[in-house]
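Written below as structure tokens is the structure these notes are about.
The values are calculated or read from the model by the stated rules, or taken from the named source; none is laboratory data. Since this is a predicted model, take the numbers as computed values, not measurements. As a convention, Cβ positions derive from the backbone with ideal geometry for all residues, glycine included, and neighbour counts pool all protein chains shown. In case anyone asks, the SASA skips ligands and DNA or RNA and just uses the protein heavy atoms, side chains included. Shrake-Rupley method; radii C 1.70, N 1.55, O 1.52, S 1.80 Å.
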Amino acid sequence: MKILIIDDNPAVRATLKIVLGNEFGEVVAAGDPRLIPALLGSGTLDAVVLDMNFDSSRLDGSDGLFWLERIKAAGDAPAVVLITAFGDVPLAVEAMKLGAEDFITKPWDNDILIEKLHKAIEKNRRTKTAARSVDNAREIERRDSIRSRMTLTELKLEHIRHVVAQCGGNLTAAAGQLGINRQTLYNMLKKI
């Protein structure tokens, strides 16, 4: 598993890397949240541990909420566990509404943080799986709707295209699978 830590405090980053490094496969840390888009680009992150405050003049968590929204807006977003020394219940509730899987306050208990990260990653994976299932069902429904309006000739040609593609363009193999000879298949393909 790959974890990203975003915290402006070097001591916090170093401590979290040690604590989480023993439990998770790879732990990457950065102090500047503006690096998040580039770090998310690989699409291989399982979770982000995100500090809530990066501007010492504002300790209201708005920085963390801003970056949380950016992370969750990304395709295939990782789980996010927010971490802050200035947290309260309303901030935690707002973070959860914006998609955070969990919230922890500094100073943290290592075992609780690790447990929350495992649960957050699992929850995020279940959510992604459910979303993919819904997307797949919608795509099947869309294709079925299109097919129900096709003529028999259009259905036949669609099937031929599918079999040829499935055979990697090998017309001999496609003809064999369709139960016709290669010349007949070639003649049918000229109609497409």
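Give the residues of the stretch 103-115 that are free of Cβ contacts under 8 Å to residues at least 40 places away in the same chain and either under 17 Å from the mean Cα position of the chain (by Cα) or closer than 20 Å to Asp55 by Cβ (or both), sorted by residue number.
Scanning the stretch 103-115 gives Phe103, Thr105.
Checking the structure you have, find out if any residue of the stretch 150-158 is at positive phi and surrounded by 14 or more Cβ atoms within 10 Å (Cβ to Cβ).
no
If you check Thr44, Thr15, which single one turns out to be of a type outside the set (A, V, I, L, M, F, W, C) and touching a residue at least 40 places away in the same chain (Cβ under 8 Å)?
Of Thr44, Thr15, the one residue that is of a type outside the set (A, V, I, L, M, F, W, C) and touching a residue at least 40 places away in the same chain (Cβ under 8 Å) is Thr44.
Cβ contacts < 6 Å: first residue of a type outside the set (A, V, I, L, M), restricted to the stretch 68-81; second residue open to solvent by 10 Å² or more (accessible area, probe 1.4 Å), any location; separation 6+ or different chain. Result?
Close Cβ pairs satisfying both conditions: Glu69/Leu98; Lys72/Gly99; Asp76/Gly43; Pro78/Leu45; Pro78/Asp46.
Working only within the stretch 1-38, note down all residues that are surrounded by fewer than 16 Cβ atoms within 10 Å (Cβ to Cβ), in a helix (DSSP H, G or I) and of a type outside the set (Lys, Arg).
Answer for the stretch 1-38, where residues must be surrounded by fewer than 16 Cβ atoms within 10 Å (Cβ to Cβ), in a helix (DSSP H, G or I) and of a type outside the set (Lys, Arg): Pro10, Ala11, Ala14, Ile18, Gly21, Leu35, Pro37, Ala38.
So which residues in the stretch 85-135 are on the phi < 0 side of the Ramachandran plot and in a loop (DSSP other than H, G, I, E, B), if there are any at all?
Residues satisfying the conditions are Ala85, Phe86, Gly87, Asp88, Leu98, Ala100, Glu101, Lys106, Pro107, Trp108, Asp109.
Restricting attention to the stretch 61-75, which residues are within 18 Å of Lys116 (Cβ to Cβ), in contact with a helix residue (DSSP H, G or I) (Cβ under 8 Å, 6 or more places away or on another chain) and in a helix (DSSP H, G or I)?
Within the stretch 61-75, Gly64, Leu68, Ile71 qualify.
Mind checking which residues of the stretch 76-86 are closer than 21 Å to His118 by Cα and either at pLDDT below 80 or surrounded by fewer than 19 Cβ atoms within 10 Å (Cβ to Cβ) (or both)?
Listed by number, the list holds a single entry, Asp76.
Just to check your reading of the model, which residue among Arg132, Arg143, Arg138 is open to solvent by 90 Å² or more (accessible area, probe 1.4 Å), closer than 28 Å to Lys190 by Cα and without any contact (Cβ under 8 Å) to a residue 40 or more places away in the chain?
Exactly one residue qualifies, and that residue is Arg143.
Check whether at least one residue in the stretch 50-58 is touching a strand residue (DSSP E or B) at 6+ places or on another chain (Cβ under 9 Å), open to solvent by less than 50 Å² (accessible area, probe 1.4 Å), at pLDDT 90 or above and in a helix (DSSP H, G or I), and report yes or no.
no
Conditions first: (1) open to solvent by 60 Å² or more (accessible area, probe 1.4 Å); (2) over 17 Å from Lys123 (Cβ atoms). Met96 passes all but one, so which condition is the exception?
(2)
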